[in-house]
Amino acid sequence: MFSSHSVIFDVDVPRLIKIPRNLCERHLFVKGAFESVWMIFGKSIRDEIYVEELILLKKSLVSRYFFRIDPIEWMENILDRQKKGLSYIGMAHSHLSRTIKPSPLDIRFMMECPGEVWLIVSIPLRKITAWTWSRGDIINIKVKCI
Ligand SMILES: [Zn+2]
């Protein structure tokens, strides 16, 4: 077993991620119907994360079984949001299935990015779950649309 250390959060694992309701309704549930991938930006205060912005990735390749992030688009978004004082929180993507847990491939990518929070949006269930990889395990984080 190995231990991972987050460079993003004050604490290792956040307890709760709060997403503005309009981002849940108009962004995740609507645009998520087309196998979408977003970058999540916001602020981390103690063990809670406040999502402030979701950036839909346009240059990245998204299919039913995998997605490939365009590294230049990814880095440009991070640098741009840093100027606004927002931190990179992680990734969000939609599942067109009734699966709300990370796929084996999702987990593999999460293992490469410990400390990132991943949101999974199940379109048929209209449900959002959050996950992070910490200390050699996949951790479920509570999600609230506020
Ligand atoms: Zn997935």
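Computed values, structure above
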item	result
Residues with amide H under 5 Å from that of residue 37, placed H, sequence gap 5 or more	57
Hz values of 3J(HN,Hα) by residue in segment 40-57 - Karplus curve (6.51, -1.76, 1.60), Gly and Pro given as x	9, 10, x, 10, 10, 10, 6, 9, 10, 10, 10, 6, 10, 8, 10, 10, 6, 7
Selection from 111, 79, 143, by position along the positive dipole direction of the chain (Cβ)	143
GNM top mover of 55, 89, 120 - the chain, alpha-carbon springs below 10 Å	55
For residue 117, residues with placed amide H under 5 Å, excluding near neighbours	90, 91
Amide hydrogen neighbours beyond the local backbone of residue 70, cut-off 5 Å, H modeled	60, 61
Choice from 13, 51, 30 showing the highest fluctuation, given a GNM over the chain with Cα pairs closer than 10 Å	30
Gain upon complete extension [residue 113, residue 16; 0.36 nm per residue less C-alpha separation]	33.0 nm
Helix-derived mean residue ellipticity, 222 nm - over the chain, DSSP H n ≥ 4, -39500 (n - 2.57), to 500	-4500 deg cm²/dmol
Label-to-label distance, nm, for residues given as residue 137 and residue 47 (7 Å Cα→Cβ offset)	1.4
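Rule-based calculations on the coordinates, nothing more; no lab input. All of these numbers come straight from a predicted model, not from anything done at the bench. Cβ atoms come from the backbone with ideal geometry, glycine included; neighbour counts cover every protein chain shown.
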